[in-house]
Every structure is written in C-alpha cells, then in structure tokens.
Amino acid sequence: MINEYYCPHCKASLKVDNHVILTAKGDKNKGGLVLFEPKLGDFNIISHKDFNLENNTHVDFLCPVCHKNLSTKKENLAEILLTDSDKDEYRILFSEIIGEQATYKIKAGKVYNAFGNDQNVYVNHFGTGPEY
Ligand SMILES: [Zn+2]
C-alpha cells in the first residue's frame, strides 16, 4: 500500500522518497527537521545528531512548507492527512510527546485504526462530533 501524506493547511506533500518530513520545535531548541517512517505504527524517527529530541518532552510539529503549526485542539496531538492507494483520505493524529507511541487513523469522525504502545492515553479523547 502506498501512503501519501499531506499538510492539512497547504496540502503540500510531506513524503519525500521514503520518509515523511516535518519540522519540530521544542521549548529548549530552535527546531529542526524530523523524518518519520511512512508505515503507520513504525515509530522510528530520524533527526540531525545536533538536534536534541529528549524523550518525554513536548514539541510542536510544523509543516516544513507553509510553517503552520500542526497541533489540534486535542491536547498533545498533531495532525496530517493521509491518502492511501485507494485514494481514501484519512486524518492522522499523532502524539507531540517525543517517545510516546500513539497514532490514530481517523475516518468520518471515528478512530479507524490506532497504533502504538501508548494508544490508550488518548483513545478516549475522540468523540463522534464533527471535529472528531
Ligand atoms: Zn503546509
């Protein structure tokens, strides 16, 4: 299955070659680029060796193209869009806490799929309202 990822604001493609690229910005750092695996549930991330991402710290993820913050109204969750090989579009919400493994695939306001050892932390945050 070929997943394509997009910014929810400017719709720029966030996947280049085989990584999803976002900007991360923490309280204590100036920000840097972070590469994610396009396979949902694979939580390996890559960043420059001088860009210090400490476990259990909160970062803001930004679109590297339009620089908008990807944070949602849901605490500690950021959002990007996914289109799969069937051209179905999903919202992907994922934790802004470094090292926390919680990713949700959202379709029509409902959790379609959840990934990661920490998925139970936020799974009750999703209702059935229009803002999912
Ligand atoms: Zn953007």
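We did not get these values from a lab; they are worked out from the coordinates using the rules stated. What you see is a predicted model, and the numbers here were worked out from it, not measured in a lab. So basically every Cβ, Gly included, is an ideal-geometry build from the backbone, and we count neighbours across all protein chains shown.
Sorting Tyr104, Tyr112, Tyr90 from the fewest to the most surrounding beta carbons within 10 angstrom yields Tyr112, Tyr90, Tyr104. In region 4-125, taking the dipole from charged Cβ atoms about the Cα centre, the farthest positive-side position among His48, Gly99, Asn29 is held by Asn29.
What net charge is computed for the residues neighbouring His19, neighbours being all others with C-beta under 14 Å from the C-beta of His19, Lys and Arg scored +1, Asp and Glu -1?
Once positives and negatives cancel, what remains is -2.
The relative contact order of region 4-125 comes to 19 percent, based on Cα pairs under 8 Å that sit 6 or more residues apart. Once both labels are positioned 7 Å from their Cα atoms along Cα-to-Cβ, the gap between Asp88 and Asn55 label points is 3.5 nm.
Taking the square roots of five times each eigenvalue of the Cα gyration tensor of the chain, the equivalent ellipsoid has semi-axes of 22, 17, 14 Å, listed largest first. A simple spin-label model places pseudo-atoms 7 Å from Cα toward Cβ; at Ile45 and Val65 they are separated by 2.1 nm. Were the residues from Glu75 through Lys107 laid out at 0.36 nm apart, the gain over their Cα-Cα distance would be 9.6 nm.
For Asn3, no residue has an amide H sitting under 5 Å from its own, ignoring neighbours fewer than 5 places away on the same chain, with H placed 1.01 Å from N.
Using the Karplus relation 6.51 cos²θ - 1.76 cosθ + 1.60 with θ = phi - 60°, the per-residue 3J(HN,Hα) values for region 60-66 come to 8, 9, 10, 5, x, 9, 9 Hz, with x marking Gly and Pro.
Among Glu75, Glu100, a tally of other beta-carbon atoms within 10 Å of each Cβ gives an order, fewest to most, of Glu75, Glu100.
Computed from phi, the 3J(HN,Hα) profile of region 28-34 under the Karplus parametrisation 6.51, -1.76, 1.60 (θ = phi - 60°) reads 9, 10, 7, x, x, 8, 10 Hz, with x in place of Gly and Pro.
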